[in-house]
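Report on the structure given below.
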Amino acid sequence: MSEQQTPANQAQNSQGQDDVTHFGFRDVPKSQKASQVADVFHSVAGKYDLMNDLMSMGIHRLWKRFTIELSGVRPGHQVLDIAGGTGDLTMKFSDLVGPSGKVVLADINASMLKVGRGRLVDRGYAGNIEYVQADAEHLPFPDNSFNAVSIAFGLRNVTDKDQALRDMTRALKPGGKLMILEFSKPTNPLLSKAYDTYSFTALPLMGQLIAGDSESYKYLAESIRMHPDQDTLKGMMENAGLVGCKYYNMTGGIVALHVGIKP
Ligand SMILES: C[S@@+](CC[C@H](N)C(=O)[O-])C[C@H]1O[C@@H](n2cnc3c(N)ncnc32)[C@H](O)[C@@H]1O
């Protein structure tokens, strides 16, 4: 399964009309999803880091730390952090690859990249980081470029996830590792219920109070529900040509880290 199919988009596809996809719970033409996602991140960029800490109660730092620990990134490595936003993973990778390595912080959204670059420069990061505005579906890098590619909380927003998985795989060197950190499906029904209540009430409210934007945080909650679950995403990674694919559930499956290797 590539994109989750709703009855509405199945009907439209079978009539040969403009392909549709989901934007949260709404069906939108595929050609419009990227600009709607862009509006979300242009709107939240300035408050993104504060909101991340508040919404996850700081736990996103642990999810990211685990990702870094499993990355196997070493001095001299070339790393791509696509959908890297404000650069949390990029900073850690920059420390790991050292002066002989390189990290590319890439994101489709100019506002997020601007906030990310400003934040990294303020913290003294320079020298081994490059900033590139790029779409995960069409990466502007040659084949076999990177020892590791990460996408954290980004794949959910991509229109054609299969195409992005193929392109990230293409950009990896043989033996290189793809790491996908993303919201996923809670494994416990009780946790799932409490999490639903939190997501659909507290998140939009916090978004309104802190970022003056409840709609973007409503989209966040909806997009998480529309994202492929753990096993579906693992299958998509295998279809993209990765091997040794596995996932690690964190916080009861609210988030999962998927890893796969380019053969
Ligand atoms: C929730 S933020 C995650 C940022 C960062 N990786 C983190 O974990 O804090 C999602 C990011 O994905 C970016 N994004 C959305 N669609 C994208 C695409 N097709 N290609 C590249 N980046 C994309 C957004 O601009 C945004 O910066």
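Every number here is computed from the coordinates shown, using simple stated rules; none is lab data. Computed from a prediction, not measured in an experiment: that's the story for all the values here. No Cβ is skipped: glycine too gets one built from the backbone with ideal geometry, and neighbour counts run over all protein chains shown.
Some notes on this structure:
- Charge dipole of the stretch 21-163 about the Cα centre (unit charges at C-beta), most positive-ward option of 84, 58, 144: 58
- Label-point separation, residue 50 to residue 126 (7 Å along Cα→Cβ), nm: 2.8
- Remark: spin-label model distance residue 225-residue 143 equals 4.2 nm, labels positioned 7 Å along the Cα→Cβ axis.
- Rel. contact order, % - alpha carbon contacts under 8 angstrom, at least six apart, the stretch 106-206: 25
- Cβ-Cβ FRET estimate between residue 214 and residue 239, R0 fixed at 35 Å, reported to 0.05: 0.45
- Taking every C-alpha pair closer than 8 Å and separated by at least 6 residues, the mean separation divided by the residue count of the chain gives a relative contact order of 19 percent.
- Each residue in 115, 79, 28 was given a count of other beta-carbon atoms within 10 angstrom of its own, and listing them fewest first yields 28, 115, 79.
- Sequence-distant aspartates and glutamates (8 or more away, or on other chains) whose Cα lies within less than 12 Å of residue 246: 231, 238
- The charge dipole of the stretch 82-212, taken about the Cα centre with unit charges on the Cβ atoms of Lys, Arg (+1) and Asp, Glu (-1), comes to about 240 debye, rounded to the nearest 20.
- Antiparallel DSSP beta bridges within the chain, as percent of all bridges there, nearest 5: 45
- Packing, as the average of other Cβ atoms within 10 Å across residues, places the peptides 83-93, 190-200 in the order 83-93, 190-200, highest first.
- Over the stretch 171-227, Cα pairs under 8 Å with separation of 6+ residues give a relative contact order of 30 percent.
- Between residue 202 and residue 66, the FRET efficiency from the beta-carbon distance, with R0 = 30 Å, is close to 0.80.
- Overall form of the stretch 115-236 per C-alpha gyration tensor (a/c, 1.5; a/b vs b/c): oblate
- Alpha-carbon centroid distance for the pair the stretch 166-197 / the stretch 50-99, whole angstrom: 15
- Cβ charges +1 (Lys, Arg) and -1 (Asp, Glu), total dipole of the stretch 153-263, debye: 420
- Bridge orientation summary for the stretch 117-263: considering DSSP beta bridges with both residues in this region, about 70 percent are antiparallel.
- Rg ratio (alpha-carbon, reference 2.2 N^0.38 Å) - the chain: 0.97
- GNM flexibility winner over the chain from 213, 135, 122 (Cα, springs under 10 Å): 122
- Sorted by Cβ density within 10 Å, fewest first, the residues 218, 246: 246, 218
- Residues residue 100 and residue 27, FRET efficiency given R0 of 51 Å [Cβ-Cβ distance, rounded to 0.05]: 0.60
- When you count the other C-beta atoms within 10 angstrom of each residue and take the mean per peptide, 98-110, 232-244, 147-159 line up highest first as 147-159, 98-110, 232-244.
- Averaged over residues, the count of other Cβ atoms within 10 Å places the peptides 40-50, 171-181 in the sequence 171-181, 40-50, highest first.
- Whichever lysines have a C-alpha closer than 29 Å to that of residue 47, once near sequence neighbours (fewer than 8 apart) are set aside: 30, 33, 64, 92, 102, 114, 161, 185, 193, 218
- Cβ-placed point charges (K, R +1; D, E -1), dipole of the chain about Cα centre in debye, nearest 20: 700
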